[in-house]
Amino acid sequence: MTIKPKQEFLDSVPIPALKPTKLSSEQEKERKDAIEALTKNRRAAAWQIHRWPLDKKYVEERTKIHLPRSYLAKDGEDVRLVRNGEDLNQLVYQWYFEPMEASAKSEGTVNFVAPDEIVPRRHEYLGPDPRVAGYFFDYNDEVHIRWWDDFLQEQWMDRQKWKMAVKLDDSGKWVEKED
């Protein structure tokens, strides 16, 4: 049985007016400048995965983190549980600084740091100079790492590349927009 609202009810419900999405050329220039400035700041603050992180990023509630095994997660990813109050930066650093077992490597995996693979570490398969640029929380509140590779000049997360997006806040300033 399907329930349908009466037509008189539908006619009485006001439809909100949509805001115009077209930006003026000046606003578009400001938006592009904001994207460039925020991207530069994000890249400057990114920490190298093979160095001890200086910042602390605590998780407020229990969640999962997606840890790619290689550049653009071509060899898949590991998902690990993160407890309430745990420091994400420490967890990521410790995970990628661990030695890589020979059984965990798949055929054709590229070690960007040491081709002879003397005690290879997990971070050596992420790219020539991987840096953690931040974290993204998806609709399930699971954590994904936003990577910035300074050598390749590329930003990536999981199996795709990411770009900075901005929006106007209530005060009229351009701020980072989470997807």
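Using beta carbons and a limit of 7 Å, which pairs, at least six apart or on different chains, have the first residue in the stretch 156-168 and part of a loop (DSSP other than H, G, I, E, B) and the second one among the small types (Gly, Ala, Ser)?
Here the result reads ASP158/ALA73; ARG159/ALA73, each pair linking the stretch 156-168 to a residue that is among the small types (Gly, Ala, Ser).
Residue under question is PRO53, and the condition is that it be modelled with pLDDT under 90 and either of a type outside the set (Asp, Glu) or within 15 Å of the chain's Cα centre (by Cα) (or both); does it hold?
When the stated conditions are applied, PRO53 does not pass them.
So in the stretch 62-76, with the set limited to residues that are modelled with pLDDT of 95 or more and over 18 Å from PRO120 (Cβ atoms), which one is surrounded by the fewest Cβ atoms within 10 Å (Cβ to Cβ)?
The extreme case among them is ARG62.
So how many residues does the stretch 124-143 have that are in contact with a strand residue (DSSP E or B) (Cβ under 6 Å, 6 or more places away or on another chain) and either surrounded by 20 or more Cβ atoms within 10 Å (Cβ to Cβ) or basic (Lys, Arg) (or both)?
6
Return the residues of the stretch 56-91 that are assigned to a helix (DSSP H, G or I) and under 15 Å from the mean Cα position of the chain (by Cα); say none if nothing qualifies.
Scanning the stretch 56-91 gives TYR71, LEU72, ALA73, LEU88, ASN89.
The values are calculated or read from the model by the stated rules, or taken from the named source; none is laboratory data. Because the structure is predicted, anything quoted here is derived from the model rather than measured. Cβ sites come from the backbone with ideal geometry, for glycine too, and all protein chains shown count toward neighbours.
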